[in-house]
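Below is one structure, written out as structure tokens; comments come after it.
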Amino acid sequence: AGLEEGVNRRCPVGKTHALYQSIHTVGPKVTRTGVSGAVVVGTNHALAEEYGAHDHPAHPFVRPTHDIDGPRALEAMREVLKGGV
């Protein structure tokens, strides 16, 4: 699974689905110095969901995806760059 799929899978879904619907991928961008990309969560309350707030418990969904799916995504990128996939 890719990183965007992992974030979507772990994302807490509220009544409006706004957080879930705001998740998208930017990139890949290739430069002389490397390749970059990002999974963007584009709502104002994403940080409160991830880390919690004074009146709201944390529901981490980005960090677990980074920790669990990140190494596999990095290896898949390496294979693509080597021409293996």
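The values are calculated or read from the model by the stated rules, or taken from the named source; none is laboratory data. Computed from a prediction, not measured in an experiment: that's the story for all the values here. Here Cβ is always computed from backbone atoms with ideal geometry, including for glycine, and neighbour counts include all displayed protein chains. SASA here: full protein model, heavy atoms, side chains in, ligands and nucleic acids out. Shrake-Rupley method; radii C 1.70, N 1.55, O 1.52, S 1.80 Å.
For the reader, a short list of remarks on this structure follows.
- Put simply, of T31, T43 the only residue that is without any contact (Cβ under 8 Å) to a residue 12 or more places away in the chain and β-branched (V, I, T) is T31.
- Residue that is least open to solvent (accessible area, probe 1.4 Å), among those in the stretch 1-50 that are under 20 Å from R72 (Cβ atoms) and of a type in the set (K, R): R10
- Helices (runs of 4 or more DSSP H) fully within the stretch 1-69 counting 1 or more residues that are of a type in the set (S, T, N, Q): 3-10, 18-21
- Here A38 meets each of (1) under 20 Å from P12 (Cβ atoms); (2) without any contact (Cβ under 8 Å) to a residue 24 or more places away in the chain with one exception, condition (1).
- Residues in the stretch 68-80 that are surrounded by fewer than 13 Cβ atoms within 10 Å (Cβ to Cβ) and either at pLDDT 95 or above or over 20 Å from R9 (Cα atoms) (or both): E75, R78, E79, V80.
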